[in-house]
1. Express as a percent, rounded to the nearest 5, the fraction of DSSP beta bridges in the chain (both residues included) that run antiparallel.
2. Could you tell me the extents of the chain's C-alpha atoms along the three principal axes, largest first, rounded to whole Å?
3. Near residue 300, which lysines are there with a Cα under 16 Å away, not counting those fewer than 8 places off in the same chain?
4. Taking the Cα centre of the chain as the origin and placing charges on Cβ (Lys, Arg +1; Asp, Glu -1), which of 79, 223, 28 is farthest toward the positive end of the dipole?
5. Hey, any idea what % of the chain's accessible area is carbon plus sulfur with a 1.4 Å probe?
6. So how tilted is helix 106-122 from the main axis of the chain? Cα-based, degrees 0 to 90, rounded to 10.
7. Pick from 366, 273, 213: which is most flexible by mean-square fluctuation in a GNM of the chain where alpha carbon atoms under 10 Å apart are linked?
8. List the lysines whose alpha-carbon lies under 19 Å from that of residue 181, not counting same-chain residues fewer than 8 positions away?
Amino acid sequence: MIKTLIIEDDISFSELLTGFLVRYDHDVISCAKIKPALKILAEKKFDLILVDYRLPDGTGLEILKAVREQSIIIPIIMMTSFNDVRTAVKSIQLGAFDYIIKPVNPDELLLTIKKALSKEEGKIDGNKINESDFIKGNSIVANKLYQHISLVAPTDMSVIIQGESGTGKEYVARTLHNESKRSEKPFISIDCGALSKDLAASELFGHVKGSFTGALNDKKGQFETAHGGTLFLDEVGNLSYEVQVKLLRALQERVVQPIGSTKQIAVDVRIITATNDDLVQIIKQGEFREDLYHRLNQFKIQLPALRDRGDDLKLFIEHFINLANKELDRNVKEVDKYAKKLLLNYDWPGNLRELNNVIKRMVLLTEGEVANIDALPEEMILAVNEPAKNFGSDLKANNEINEKNLIIEALSKTKFNKSKTAKMLNIDRKTLYAKLERYGIE
Ligand SMILES: Nc1ncnc2c1ncn2[C@@H]1O[C@H](COP(=O)(O)OP(=O)(O)OP(=O)(O)O)[C@@H](O)[C@H]1O
């Protein structure tokens, strides 16, 4: 039985979800607010948490932070509306396993849960990844990126990978390892965002039995496990000041000292770090040590956001469709022109992770060979057409924007059938045509 905690304030949805998961061997406890959830978490152990992003007494991010503080590692899946995706991707930075967009599709949920639980079992990722799951892209920025990767990979330089959430930092870290002379040795990936202050030091450097409450046995640190290979510290900006001091010492002296031990263990490890924060800013705020930053930053790789990768977007769409076809046993061969336009015009704040999720959902919902706009989140249409400007109290401008958005929404619902759209909007066809022209809707 998989012990699952659901934190969701929409009671009927929560009941539906519970009933569904129980059929798939989950033992479910549910609650509607953060406070009772924290109480339950303090009393009981769980294998999985599903948490709504918007809750009556805060956001799901608070659950993430609290779980991290408690030194427990549980896969957490954030359930979010499409409009909250921009903020929900932050949850990944704080250690969530993934997010899923509401309305939740059952198959998609099962798939995400399966992945979350299998990642948890394997905690430390192996060296091997399936290279055919990844593509490099052809844009100028992509070529420059991979040129830098091939230059720095064979060296022993510490590399810091900077980029927005979901841009593929972990993949780049693995590529650096795989193209180095350490490739036959371990690649150990640690998500610093998911580690609590207490857990982080023992995870990295190990501990001896009895060195603190809960240290029931000796534990080897990941530095030691990575000996000869590469240690990838994801979201390094989340490490506490104390751990930063220890890390700097380990890097300078090439030795680690497990907590509670007097023994020093020699380690030969290459460090690759990733962050989507601006570390320079965090240094200014006094939360990240400048000397450590310079030690980590012998070479910096800046990963471009998906919206800045030009035609690579088309390649990634095609690639993720192929992957999803295989995974979900579907046969999507093309995307119709409206859906394609939407995919190409959206700005993808969650980058490759968000694109992958949206495409997977699209493929899942498409039973034939052609995917259309119905299989894309309705809110994406609004996001693409939303004005960048804030019209403040200009009533006329605001009315026009509302009107434009209503028309676009109706068009998508009727699959761009103008007669049906006009009927739905309670206007005649001629008026609709005039408005389409006025608002530049093709
Ligand atoms: N080159 C690539 N080709 C295909 N898929 C990719 C590529 N790079 C990354 N992905 C996919 O994009 C998603 C996000 O990648 P990854 O976890 O490496 O991003 P990240 O920048 O480390 O994210 P975060 O900052 O949230 O930790 C994953 O599902 C990954 O498989």
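The values are calculated or read from the model by the stated rules, or taken from the named source; none is laboratory data. Nothing here was measured: the structure is a model prediction, and the numbers come from that model. Positions of Cβ are generated from backbone atoms using ideal geometry, with glycine treated the same way; all protein chains shown enter the neighbour counts. When the accessible area is computed, the model is the full protein with side chains, heavy atoms only, and any ligands, DNA or RNA have been set aside. Shrake-Rupley method; radii C 1.70, N 1.55, O 1.52, S 1.80 Å.
1. Values: 6 of 44 bridges.
Approximately 15 percent, going by the DSSP bridge assignments.
2. 83, 51, 48
3. By straight Cα distance, residue 300 reaches 144, 169.
4. 223
5. Numbers: 10870 of 21810 Å².
Heavy-atom surface of the chain belonging to carbon and sulfur, 1.4 Å probe: 50 percent.
6. For 106-122 against the chain, the angle is about 10 degrees.
7. Ranking 366, 273, 213 by mean-square fluctuation puts 213 first.
8. Once the sequence-local lysines are set aside, what remains near residue 181 is 128.
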